[in-house]
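Engineer: Below is one structure. I have some questions about it.
The values are calculated or read from the model by the stated rules, or taken from the named source; none is laboratory data. Because the structure is predicted, anything quoted here is derived from the model rather than measured. When we count neighbours, we look across all protein chains shown, and the Cβ atoms used for this are built from the backbone with ideal geometry, even at glycine.
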């Protein structure tokens, strides 16, 4: 009995001190889920699980996950926001590295995006209207392409992203490296395992009716209509 208590105490300590460190988002989420399964008394409900999950991510990711007027209330939302945040952090770093010489030559000492306030909706610094949640390019505002391929970006060497209507097999590592928008994987929600598809451009999360019934969730009619695009077309 003493041995079991010792193991349980060690698992609880590991769970409460878990940090992302050098792990990817999906790696630390998997570790979190494993420890949460072993320490159910520390995450008795979804709210507490989300609260603890918010603490495992690196500071730059956690800030974007919690940004906005509606912080995540579900683990699946928290994970998708973290994947999306990591993607945009990678894009910002890549853009700064590629554009720095041009900015230095053309603009001299003119301020960069660090002078702009942090958007309360997306958690990123921008100088114009926040386009998070839309299908418009984040640079020019036009439909039909992403910022990486925008002509304003002058980055002709970059390969185009897969369209949202393209059926592709993608992995978490690709999204975190900035090479895709969609991540597929398995997550644990309460006591059930689920196959999830995380899209770094989405604004809402959806669940199948069958899985919602497993979770004991009811179904309500929405007052507004949503237009949804799936990677499979």
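Engineer: Among the residues of region 6-26 satisfying the criterion of being closer than 27 Å to residue 90 by Cβ, without any contact (Cβ under 8 Å) to a residue 40 or more places away in the chain and surrounded by 14 or more Cβ atoms within 10 Å (Cβ to Cβ), which is farthest from the chain's Cα centre (by Cα)?
Structural biologist: If we take residues in region 6-26 being closer than 27 Å to residue 90 by Cβ, without any contact (Cβ under 8 Å) to a residue 40 or more places away in the chain and surrounded by 14 or more Cβ atoms within 10 Å (Cβ to Cβ), then 18 is farthest from the chain's Cα centre (by Cα).
Engineer: Hey, another quick one. Could you run through region 66-120 and say how many residues are at pLDDT below 80, loosely packed, with under 15 Cβ neighbours inside 10 Å and within 30 Å of residue 45 (Cα to Cα)?
Structural biologist: So the answer is 2.
Conditions tested, residue by residue: (1) more than 17 Å from residue 194 (Cα to Cα); (2) out of contact with any helix residue (DSSP H, G or I) (no Cβ under 8 Å at 6 or more places or on another chain); (3) in contact (Cβ under 8 Å) with a residue 24 or more places away in the chain.
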{"site": "4", "(1), (2), (3)": "yes, yes, no"}
{"site": "30", "(1), (2), (3)": "no, yes, no"}
{"site": "45", "(1), (2), (3)": "yes, yes, no"}
{"site": "58", "(1), (2), (3)": "yes, yes, yes"}
{"site": "62", "(1), (2), (3)": "yes, no, no"}
{"site": "68", "(1), (2), (3)": "yes, yes, yes"}
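Engineer: A further question on this structure: Quick test of your reading of the structure: residue 61 fulfils all but one of (1) at pLDDT 90 or above; (2) surrounded by fewer than 16 Cβ atoms within 10 Å (Cβ to Cβ); (3) within 30 Å of residue 212 (Cα to Cα). Name the failing condition by number.
Structural biologist: It is condition (2) that residue 61 fails.
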